[in-house]
Amino acid sequence: MIRGLLLCGGRSSRFGSDKLLVRASASEARALAALAAINLISGAGNALAVIPPGAAALRRLLDEAGCAILESAATARGLGASIAAGVAASAHADGWIVALGDMPFIRDVTIAAVRSKLEAGAAIAAPVLAGNRQRGHPVGFSKAFGKELAALDGDEGARSVIARHRDDIVLIEVDDPGIAIDIDKPEDLRD
């Protein structure tokens, strides 16, 4: 099984409040994290949300969306540490699709395409935007990268793993602007 990892441990410092609990848009009643979770579950078939300890409202929201939940103090150390915690908690997986709770507009078909490439034997799979070839999220990793991912720490995420294995990346051209839309500030929200 390819495990969907939904990273929800950020501090929302640029947003000014817990952005993951905010509605994704004026026309979307669901919160950012819930919408990201629903899309990940639909595309990957499952999701393990990595959240900070004691985040009761976030836990409830993600549980209602259908996520398995991992509360981890590692989230305080950053994105890399959150990935490592999620990978360690699902070490039995055949691979991981790493998604971010503040990127709710990625289509489930894009996530499914990443999963499909991993299932077909890709070492690393990532979507690129048709036209400009901008690489986006989520990124999928095969089981071969389990030890490297579990060793991550700090806030860099998996950038170093991707850089070391750039020749192993299978790029998937998609027409999905959501792969490059992350919500950092209130003005990033859709109308």
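The values are calculated or read from the model by the stated rules, or taken from the named source; none is laboratory data. Not measured: the values here are computed from a predicted model. When we count neighbours, we look across all protein chains shown, and the Cβ atoms used for this are built from the backbone with ideal geometry, even at glycine.
Only one of the listed residues (ALA91, ALA99) is touching a strand residue (DSSP E or B) at 6+ places or on another chain (Cβ under 9 Å) and within 28 Å of LEU58 (Cβ to Cβ). That residue is ALA99.
Residues in segment 8-15: is at least one modelled with pLDDT of 95 or more and either charged (D, E, K, R) or surrounded by 15 or more Cβ atoms within 10 Å (Cβ to Cβ) (or both)? Yes, that holds for at least one residue.
Let's see how each residue does on (1) out of contact with any Pro (no Cβ under 8 Å at 6 or more places or on another chain); (2) free of Cβ contacts under 8 Å to residues at least 24 places away in the same chain; (3) in a helix (DSSP H, G or I):
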| residue | (1), (2), (3) |
| --- | --- |
| GLY121 | yes, yes, no |
| VAL128 | yes, no, no |
| PHE141 | yes, no, no |
| LEU149 | yes, no, yes |
| GLY154 | yes, no, no |
| ILE162 | yes, no, yes |
| LEU171 | no, no, no |
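What number of residues within segment 169-185 satisfy the criterion of being crowded, with 16+ Cβ neighbours inside 10 Å and more than 22 Å from GLY78 (Cβ to Cβ)? Selection size over segment 169-185: 5.
Per the conditions (1) among the β-branched types (Val, Ile, Thr); (2) touching an Asp or Glu at 6+ places or on another chain (Cβ under 7 Å); (3) surrounded by 20 or more Cβ atoms within 10 Å (Cβ to Cβ); (4) under 13 Å from GLY9 (Cβ atoms), the sole criterion not satisfied by VAL50 is (2). Looking for something hydroxyl-bearing (Ser, Thr, Tyr) and closer than 20 Å to ALA158 by Cα - is there at least one such residue anywhere in segment 36-47? Scanning segment 36-47, I find no residue that is hydroxyl-bearing (Ser, Thr, Tyr) and closer than 20 Å to ALA158 by Cα, so the answer is no. Residues being free of Cβ contacts under 8 Å to residues at least 60 places away in the same chain and within 12 Å of CYS8 (Cβ to Cβ): count how many of those fall in segment 73-89. Going through segment 73-89 one residue at a time, the tally reaches 1.
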